[in-house]
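Asker: Sharing a structure below in structure tokens format, with a few things to ask.
The values are calculated or read from the model by the stated rules, or taken from the named source; none is laboratory data. The shown structure was predicted, so the numbers you read here are calculated from the model rather than taken from an experiment. Reconstructed Cβ throughout: ideal geometry from the backbone, glycine too, with neighbour counts over all protein chains shown.
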Amino acid sequence: MENEEKRLLYKLSELDYFEVSDKDPDVRDWKVYTNDGREVGSVDDLIVDPAELKVRYLDVLLDYNEAGGKEIVKHVLIPIGTAYVDKDDDKVILKSMTLDNLRDLPAFEGGIITRRYEHALRKIIDPDIIITSDDTGDFYSHDHFDTDMFYSDRRTRRGL
């Protein structure tokens, strides 16, 4: 079946023999905040690429009220490099995502994460991005997937 997508990414909770590195905090269940301090949800799981031993996305359960009282509740994927771990508190902060970005993110309902889904997600996060290749290596070489940026403040504080 040549039109089927090969599954490359998995929830960390689905993988029996994988865990977060000892040098990094496990951010599952941590609250997620916008850069201006608004709580918008929590990290439900990590989406990993087991072949590369890399976290690619945070599976975030959004749960907040917009202006006007509209409640937003859905799972979304946040590329790991578009957020960071707070250096002092156990929370995740989204670097530059707005409430509009969050509302517009496609819902993640589990299963295979298609390249089409990933493209749609990245276009909402960064409308000016030019995605030139479907090649996995090229696709994930962007700052959006930089785990060092995500963990950097916590690694620095711990002297790593």
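Asker: For the structure I just gave you, tell me whether ILE72 is among the aliphatic types (A, V, I, L, M), surrounded by 12 or more Cβ atoms within 10 Å (Cβ to Cβ) and under 16 Å from the mean Cα position of the chain (by Cα).
Answerer: Here the answer is no, as ILE72 does not meet what is asked.
Asker: Anything in the range 32-82 that is small (Gly, Ala, Ser), modelled with pLDDT of 95 or more and on the phi < 0 side of the Ramachandran plot? List them, or say none.
Answerer: If the condition is that a residue be small (Gly, Ala, Ser), modelled with pLDDT of 95 or more and on the phi < 0 side of the Ramachandran plot, then SER42 is the only one that fits.
Asker: If ALA107 satisfies every condition in (1) in contact with a helix residue (DSSP H, G or I) (Cβ under 9 Å, 6 or more places away or on another chain); (2) over 18 Å from THR147 (Cα atoms); (3) touching a residue at least 24 places away in the same chain (Cβ under 8 Å) but one, which is the exception?
Answerer: Tallying (1) in contact with a helix residue (DSSP H, G or I) (Cβ under 9 Å, 6 or more places away or on another chain); (2) over 18 Å from THR147 (Cα atoms); (3) touching a residue at least 24 places away in the same chain (Cβ under 8 Å), ALA107 fails exactly one: (1).
Asker: Output the number of the condition that SER13 fails; it satisfies all remaining conditions of (1) in contact with a strand residue (DSSP E or B) (Cβ under 8 Å, 6 or more places away or on another chain); (2) exposed (fewer than 14 other Cβ atoms within 10 Å of the Cβ); (3) of a type outside the set (D, E, K, R); (4) within 14 Å of ASP86 (Cα to Cα).
Answerer: (4)
Asker: Which residues, counting only those in the range 35-46, are buried (at least 20 other Cβ atoms within 10 Å of the Cβ) and within 12 Å of the chain's Cα centre (by Cα)?
Answerer: Correct list: VAL43, ASP45, LEU46.
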